[in-house]
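The block underneath contains the structure these notes are about, expressed in structure tokens.
The values are calculated or read from the model by the stated rules, or taken from the named source; none is laboratory data. Because the structure is a prediction, the values reported are computed rather than measured. Cβ sites come from the backbone with ideal geometry, for glycine too, and all protein chains shown count toward neighbours.
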């Protein structure tokens, strides 16, 4: 339920071990890489000058970034064509991974085996290319066909050359503008993708002239089949038949290759797995820095993984290795630590919704638990219904287990449960309030109570978010905002004064004169206006303002107006929770009335069913969004920045960037 | 959206950015600097270029680096402006980057053609800004065709692909011509989606630019390249031009330079051709300077239109070009008195 603690890890080892170390990182799967060069430049590596470290210290003088010269394109091509010929799926098989593996050796084996199937692969390649060309020709001929051109005879002409080409519309305009000077007949055949298609007939004698002019129009010649007799229609048909022949041939070839399939299957899988691993290793190495004899590697690692990873490194590297870890709090420069959230099964799905707003900063309190509880509360309160909640619950479970959509399925099922709970409190089943008695309150009969409790709930939630904000500001040691800011202590007091002012003037609890409140509010606003100079005074800094005083006060002045408006509107905003609870019943009443108005009972039932579907779909969505709105605008804006960096460890599966 | 609502904020922003342009005094002071490092220090301490130079030690700056920093500021500022727009308007502003990307691309292609090292081009500022080209692929090009292949899947592909087609040898000249033409086609396609009034002013402003470039092109084509009239015509730009296409065609079909000059004298642009030795040397500068004054007048007559943003990019471009000229003037030790000849801005006038 928090943000996982991170450490910076620095590994210094012999260059002989560089591949091994990179492999350990990939297989360990919990290290978020940092660029070693920028780490070495920005953050001083603290090495004690002892016997062990003397080599590393010497190397630091002259380090260079690792330059990769690995090229996997050929390996990839072979592996890919193997997969294609044998109709295999590309998959990583973890059990094939052997730390002692020799990548080159496996690829060599594979290349040897490839010799056996090489001919087949090449023939298939040739046929596929032939099919592709013929398909293009067919689609090119389509333009000629629609204009009734007879390709067969056009291409047979002795003293004329016929060609088809495309050019941009601008250039076609130029062609038209100067048509009388062009030694060719041009037929406009159509427009595709904003390009004009033309047919050009040139007397062979003027061919060179025409070519020069067409070139300056930047034409793109279209491939049309030569040496076929008959009209366009027939040529297209012939091409189609040829394509089918080629396809059959490919099938045949694949079948014969398939006979030797089992012989290669394991080798291919292994090679593919290794290739993927090797690529990740290169990715890790690209972030390293190299000295003459040693490599330097940096990364973030979750606190709990440190010891295990250290041990793995020490066990499997041949030469001496130095592993340093540093608390992230000591870092002054460079990337801030990535955020890995830890939440239990109940809250985990809600991380998606939190991330839609932003990822928590490393130093921020993870808002997910608070978000999850309040969001369920808000949703249930607005959409409290035993029957409809049950359907949402079922939908969520289906999503989760049948379609493997954990996050959204999890959210829906939690929301469904919350809806059922509130349905019991309101006594509502599929909108009907007569089937079961309400345990707490019937919304429609207590409109005022509903609305007022919504506001009270809002005040409660805003309070909690102020507390969150205070904790975050304290963690950041932000004196200015923490004590005097809008989301800090002063803002909190301001909020409470307004609440008491409203409460007192409506309920007359304390009977304190309004003037007193106004004076307090004014004083608090004044503090917020002068928060920066005040904080700077307290910290004993010389300059009072970070910008010019004029700019500062202009901004602070607007801030005052916004503060007053936002505190009041924040509170009022929560009325919607009550309003939607009423709305929910209201919508049902509308459908129930319609159902009663029709004479046929069957139609009435149908209307109720349709109405319920509409309510679940439409109102469910609206309430879902309104709940999010309350969370994001009214609560998150107070205490949550969401400027964090997601934790992306190097892993065999998945992609870093 | 009404034009007032669309442009009120951004045009104010542009005005504030334009107030940071170098003054004539800055120009003069810069020309008095003895070394590129001094110039960099002056820019850092006395001008708005201090922003991009903030974390840089002027002592480390050399000519190429300073140029790329100056261009960077241009890119940042245009980016800032584009953030004030949405939808098709933002896309239009982004299209303007294509011009500068093409400029850099042509330089790269020339280097590839000459077989020179591409490393100095790696800090090209605009490459990929509009096209999103794969830079690795581009910078590892050995031949022009590799450069072209790098653009597969980008907006430029449609224009470049024919260069690889049908065994016509892809050469540098065609590459440059095709890219230049593609910019105007892309630009026009994008601006057609703007409001009518904006299209009108853009056509007016760009029309003048197109006229100037067409005249320059036809003149050079006749004098140096000896191209056929048909080819000349095919490479002209038709984009809101004031000279109608019939007249341009007539220009292309002039039988001699004299006939061309006679025809050109009928246009409002006769100042380009003084028919002495200065014509060739200063034509580019004359075009830029004329463009500047014309844009200023179009801008003044059409407040609250897209022209303010459009003109801003051209003004910045002029300043960047001048600044690069100044850096070269300093670098190659040309006397300050002669410098004016190479600058677009007229230093004898007020800023």
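Scanning for something within 14 Å of another protein chain (Cβ to nearest Cβ) and touching a residue at least 12 places away in the same chain (Cβ under 8 Å), does region A:251-272 turn up at least one residue? Taking every residue of region A:251-272 in turn, none turns out to be within 14 Å of another protein chain (Cβ to nearest Cβ) and touching a residue at least 12 places away in the same chain (Cβ under 8 Å). For region A:202-228, how many residues are at the interface with chain B (Cβ under 10 Å from one of its Cβ atoms) and in contact with a helix residue (DSSP H, G or I) (Cβ under 8 Å, 6 or more places away or on another chain)? Adding up the residues that qualify gives 11. I'd like the full set of residues that are buried (at least 18 other Cβ atoms within 10 Å of the Cβ) and either under 16 Å from residue A:224 (Cβ atoms) or touching a strand residue (DSSP E or B) at 6+ places or on another chain (Cβ under 7 Å) (or both), limited to region A:176-194. Scanning region A:176-194 gives A:184, A:186, A:189. Only residues that are crowded, with 20+ Cβ neighbours inside 10 Å and within 14 Å of chain B (Cβ to nearest Cβ): list them for region A:141-166, please. Of everything in region A:141-166, those that are crowded, with 20+ Cβ neighbours inside 10 Å and within 14 Å of chain B (Cβ to nearest Cβ) turn out to be A:163, A:164, A:165, A:166. Is it the case, given these coordinates, that residue A:370 is surrounded by 21 or more Cβ atoms within 10 Å (Cβ to Cβ), outside the structural domain of residue A:35 (by TED's automatic domain parsing), under 16 Å from residue A:636 (Cα atoms) and in contact with a helix residue (DSSP H, G or I) (Cβ under 9 Å, 6 or more places away or on another chain)? Judged against the criteria, residue A:370 is a match. Against the list (1) over 30 Å from residue B:3 (Cβ atoms); (2) modelled with pLDDT under 90, the condition residue B:322 fails is (2). On the given criteria, is residue B:271 outside any loop (DSSP other than H, G, I, E, B) and within 14 Å of another protein chain (Cβ to nearest Cβ)? No; evaluated as a whole, the condition is false for this residue.
Total residues in region A:471-491 satisfying the condition of being touching a residue at least 60 places away in the same chain (Cβ under 8 Å) and either within 17 Å of residue A:527 (Cβ to Cβ) or surrounded by 21 or more Cβ atoms within 10 Å (Cβ to Cβ) (or both): the figure is 5. Answer yes or no as to whether residue A:214 is over 30 Å from residue A:115 (Cα atoms) and without any contact (Cβ under 8 Å) to a residue 24 or more places away in the chain. Criteria not met by residue A:214. Answer yes or no: is there a residue in region A:606-627 that is under 30 Å from residue A:474 (Cβ atoms) and either part of a helix (DSSP H, G or I) or touching a strand residue (DSSP E or B) at 6+ places or on another chain (Cβ under 6 Å) (or both). Looking through region A:606-627, at least one residue is under 30 Å from residue A:474 (Cβ atoms) and either part of a helix (DSSP H, G or I) or touching a strand residue (DSSP E or B) at 6+ places or on another chain (Cβ under 6 Å) (or both).
Given the condition in a helix (DSSP H, G or I), within 30 Å of residue A:25 (Cβ to Cβ) and assigned by TED's automatic domain parsing to the domain that holds residue A:612, answer yes or no: does some residue in region A:385-408 qualify? So far as region A:385-408 goes, yes, one or more of its residues are in a helix (DSSP H, G or I), within 30 Å of residue A:25 (Cβ to Cβ) and assigned by TED's automatic domain parsing to the domain that holds residue A:612. Within region B:251-265, at least one residue is within 28 Å of residue B:298 (Cβ to Cβ) and surrounded by fewer than 15 Cβ atoms within 10 Å (Cβ to Cβ).
When you scan region B:306-321, do you find a residue that is without any contact (Cβ under 8 Å) to a residue 40 or more places away in the chain and exposed (fewer than 14 other Cβ atoms within 10 Å of the Cβ), even just one? Checked region B:306-321: no residue is without any contact (Cβ under 8 Å) to a residue 40 or more places away in the chain and exposed (fewer than 14 other Cβ atoms within 10 Å of the Cβ).
The single condition among (1) more than 26 Å from residue B:181 (Cα to Cα); (2) away from chain B (no Cβ under 14 Å); (3) touching a residue at least 24 places away in the same chain (Cβ under 8 Å) that residue A:132 does not satisfy is (3). Residues that are free of Cβ contacts under 8 Å to residues at least 12 places away in the same chain and either out of contact with any strand residue (DSSP E or B) (no Cβ under 9 Å at 6 or more places or on another chain) or under 16 Å from residue A:33 (Cβ atoms) (or both) within region A:309-344 comprise A:311, A:315, A:329, listed in sequence order.
Considering region B:155-249, the qualifying helices (runs of 4 or more DSSP H), each wholly inside and each with 3 or more residues that are away from every other protein chain (no Cβ under 14 Å), run over B:196-220.
The condition (being farther than 27 Å from residue B:340 by Cα and at pLDDT 90 or above) is satisfied by just one residue among B:86, B:95: B:95.
Of the residues that make up region A:434-445, is at least one part of a helix (DSSP H, G or I), farther than 29 Å from residue A:394 by Cβ and in the same structural domain as residue A:631 (by TED's automatic domain parsing)? Within region A:434-445, one or more residues are part of a helix (DSSP H, G or I), farther than 29 Å from residue A:394 by Cβ and in the same structural domain as residue A:631 (by TED's automatic domain parsing).
When the test is whether a residue is buried (at least 19 other Cβ atoms within 10 Å of the Cβ), within 23 Å of the chain's Cα centre (by Cα) and more than 14 Å from every other protein chain (Cβ to nearest Cβ), residue B:147 passes it.
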